[in-house]
Amino acid sequence: PVNLAGQFNGINQWFNLGADIATLNTASFTLEAWVRTTGSAEGVLVSSDNDEIWEEGERAFYIDANGNPAFTGYGNSTISSSVSVNDGNWHHIAVVRDYSTLPGTGRIYIDGFNRTTTSSYVANAFPNVGTFSLGRPNYSEAPNFFSGDLDEMRIWNVARTAAEIQ
């Protein structure tokens, strides 16, 4: 991470990317970022229509109530991890959804290691709703704005391998 990281106050700061920039329903993808936070239940990258109602087609890469990275979609279940990252230090986090072999698999990487505990996310036909935002809550599992620093957010339309994540 460099000194140009986005700093978020956890109260009302977020960044709207202004577009639906990746398919997160029935396609492979990888979302990754460097994070530094002491918060929990906060959005990292959320795809929503920003109406403060969690609904079909909305998805979230977030830090859960225990400080662990996770990914979910409304009605799609989750991909979750076992290691907290809300210790105030920099951590690289990534969620990978490989849809090449149905029904698909999901993984969460923390600092280059697969730390997946649950991979029950099921893709559905609902396309993304709205736009992608950094640091915005999803008003469900992650009701809080991101508090801390985000750097080098990357969105891939492929399932990156463990070696590529490392």
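Pairwise Cα separations in segment 1-87 fall into 5 Å bins from 0 onward with the following percentages, short to long: 3, 12, 23, 26, 21, 13, 3, 0. Working value for the chain: equivalent-ellipsoid semi-axes of 21, 19, 14 Å, each the square root of 5 times a Cα gyration tensor eigenvalue, largest first. Here the peptides 153-165, 49-61 are ranked by packing, the mean other Cβ count within 10 Å, and the order with the highest first is 49-61, 153-165.
Here the relative contact order of the chain, from alpha carbon pairs under 8 Å that lie six or more residues apart, stands at 39 percent. Residues whose amide H lies under 5 Å from that of T78, counting only those 5 or more places away or on a different chain, are S120, Y121; hydrogens are built 1.01 Å from N in the peptide plane. Which one, I93, F113, V158, is farthest towards the positive end of the dipole of segment 81-166 when Lys and Arg carry +1 and Asp and Glu -1 on their Cβ? The Cα lying farthest towards the positive end belongs to V158.
Here, each number is a calculation from the coordinates, and none is a lab measurement. What you see is a predicted model; the values in this text were computed from it and never measured. In this analysis, Cβ positions are derived from the backbone assuming ideal geometry, glycine residues included, and neighbour counts consider all displayed protein chains.
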